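Notes to accompany the following structure.
A short reminder: the numbers here are calculations on the coordinates, not readings from a lab. Since this is a predicted model, take the numbers as computed values, not measurements. Note that each Cβ is placed from the backbone with ideal geometry, even for glycine, and that neighbours are counted across all protein chains shown.
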């Protein structure tokens, strides 16, 4: 009797396993069909640019990096701009020469690395942009720091500023190698003055990665402080699966599976399409950061880390603030660190339709009641005012120090976004006020109303805030943190 029961159970188990495998195969098949039923790939999705920098490139100086970059952009002209099809041309086609989206229509093409030199620098600053972005994203910050006497370098991180295909092959090691070259160059230009790094999103992760390694290796050029905007310290666990989608595409010979998103390339300084590999790079880089933090904790060297000033929206949908707190700030020893969070606009009356919950945020903050960093919150002055203040709690303090910022929430905004932080309201491309000339593309406020499926730009992209109404506060805070406030 017992053996018969075992046999029946074994049969049932096999049925369950085969059933589960059948469901999995069906789901994968449906997924592949859906992903492959997207628009055809264009030349900028498939081009292989041989002149892109990699960790194996025979490049050791920033001057050599720029020479290679010049060859890269010439290659881009030959392999992409000169070869786009008639169907890919249009008024807002980035790769159609003379269009509104053509970056060469600007006085300066900000997809390239740039330098803002001074004869006698008070400091030197390296700017590191985000994933799928370009040096343009930190242009305003760089110009402000330069005005305060800093020698500024904006690095074009490998895989960026050219064609989205650059993100299909790039590795985090390529990016980190370029950062090391750029920091060395910036330190040489500093003439003994402090060296700082400003990192936005993935650039924030690269900045932290460099600073962690420098804290462990005194022979590396040292940095005095880091300013991080929407820093990528941890990403969704789903990102770990990204590499398998790409591998499945290679196995099946389906190039479209290398892409999470295939959108028109209408933005002169940011890719519309997003490669699966980019998510995998972010996942691997943030894992390396976590491992390095643990190593430095165990070796008693985490206190060597340069002071960090970080900014994040509490409802950042790309890199969540609780992960920033748990993965970095809760683990920092004393060292002059500060985390600035931007609250939602409590006057926007969005509570009835608000999906976000503060529970994870509170949970992350409660994990470390000793807290060795200053915690600051930009929030409404009271429940009936659009005006904002800065509430700051120093380490060991029980009460906050409140500062009136002289700024207010625009009435039609309910929160900041991941992408908004580096851009002032008057940014000519992403700002809230269109430029005077109609010869330049403006993407800051294009929330048009009408029928769905009619426009080239998805509604979700148009509705996402691209500029920061509190940018002047953020910029001033960074300038003060770098001790460049007076000149």
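What length, rounded to one decimal in nm, is gained on full extension from residue 108 through to residue 360, with 0.36 nm per residue of separation minus their alpha-carbon distance?
Full-extension gain reported as 86.4 nm.
Among the DSSP beta bridges whose two residues both lie in the stretch 42-423, what percent are antiparallel, rounded to the nearest 5?
In the stretch 42-423, DSSP labels about 35 percent of beta bridges as antiparallel.
Sort 45-54, 383-392, 370-379 by packing, meaning the average of other beta carbons within 10 Å per residue, with the highest value first. Please report the intermediate quantities before stating the final value.
On the way: 45-54: 17.0, 383-392: 15.5, 370-379: 19.2.
Going from most to least packed, we get 370-379, 45-54, 383-392.
Neighbour counts of other C-beta atoms within 10 Å: give me 143, 232 arranged from fewest to most.
Values: 143 13, 232 26.
Going from least to most buried by this count: 143, 232.
Calculate the length of the line joining the C-alpha centroid of the stretch 74-124 to that of the stretch 171-206, in whole Å.
So the separation of the two Cα centres works out to 23 Å.
For the pair residue 287/residue 403, report the inter-label distance in nm, with labels modelled 7 Å from Cα in the Cβ direction.
So the two model labels end up 4.0 nm from each other.
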